[in-house]
Amino acid sequence: MHDEYEKPVEGKDRFCHVVVRNVNTGEVALRLPGLLHRTERIVFNQQGNLLALSCEKKGVLLFDLENQQWLHGESLPGATNRTSIETIWDLAFSPDGQRLAGASRTQVLLWDTRTGNRVLTLRGAAPPSGDNGFNARVVWSHDGRRLAASNTDATVSIWDAGDRESPAAKK
């Protein structure tokens with residue numbers, strides 16, 4: 001999978017097509033409908049039926065590969081990608097595919113993939129004082145019980161994925 005950008009036109013936004021290709025032949029297997037601004041991250045769930053994309057100016061979108069359609073209308077709640085602080089730089093599906101985590105420079109958002117609703121906001125270290133070029137990363141433990149994300153102060157926050165009463169968890 002990759003994104004193909006149109007030739008840049010001076011003074012106009014740059015758009016891309018997201019294309020899924022057959023690994024063996026290189027032939028186009030699927031071209032996602034519509035044009036998107038630059039994609040920051042693209043990930044499949046483990047089951048291979050959902051695709052999550054973090055797109056400049058669009059936020060986080062889910063695509064159902066089996067039915068070949070965008071899920072939940074527009075971007076998922078809370079994912080705006082309007083500034084570098086708000087941009088979701090990394091995405092990770094839980095091992096069971098029921099949740100999607102998205103990491104910005106200031107927080108980790110969790111969504112229910114079935115409904116598209118944001119279910120939790122996690123905060124780690126204090127946000128950066130300026131743009132230090134940091135792009136957050138997020139990962140689930142193999143069993144889906146823990147979630148880890150990098151912080152701007154070179155630390156890592158680790159949360160119990162089921163702990164919604166933690167002081168770090170903010171709705």
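Just so it is clear, none of the values below were taken in a lab; they were calculated from the coordinates. The structure displayed is predicted, hence computed values, not measured ones. Please note: Cβ atoms are built from the backbone with ideal geometry, for glycine as well, and neighbour counts cover all protein chains shown.
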Inset, instruction - Could you tally the net charge around Leu50, taking each other residue with its Cβ under 13 Å from the Cβ of Leu50, Lys/Arg +1 and Asp/Glu -1? - result: -2
Inset, instruction - Work out the FRET efficiency for Val119 and Asn24 from their Cβ-Cβ distance, taking R0 = 25 Å, and round it to the nearest 0.05. - result: 0.05
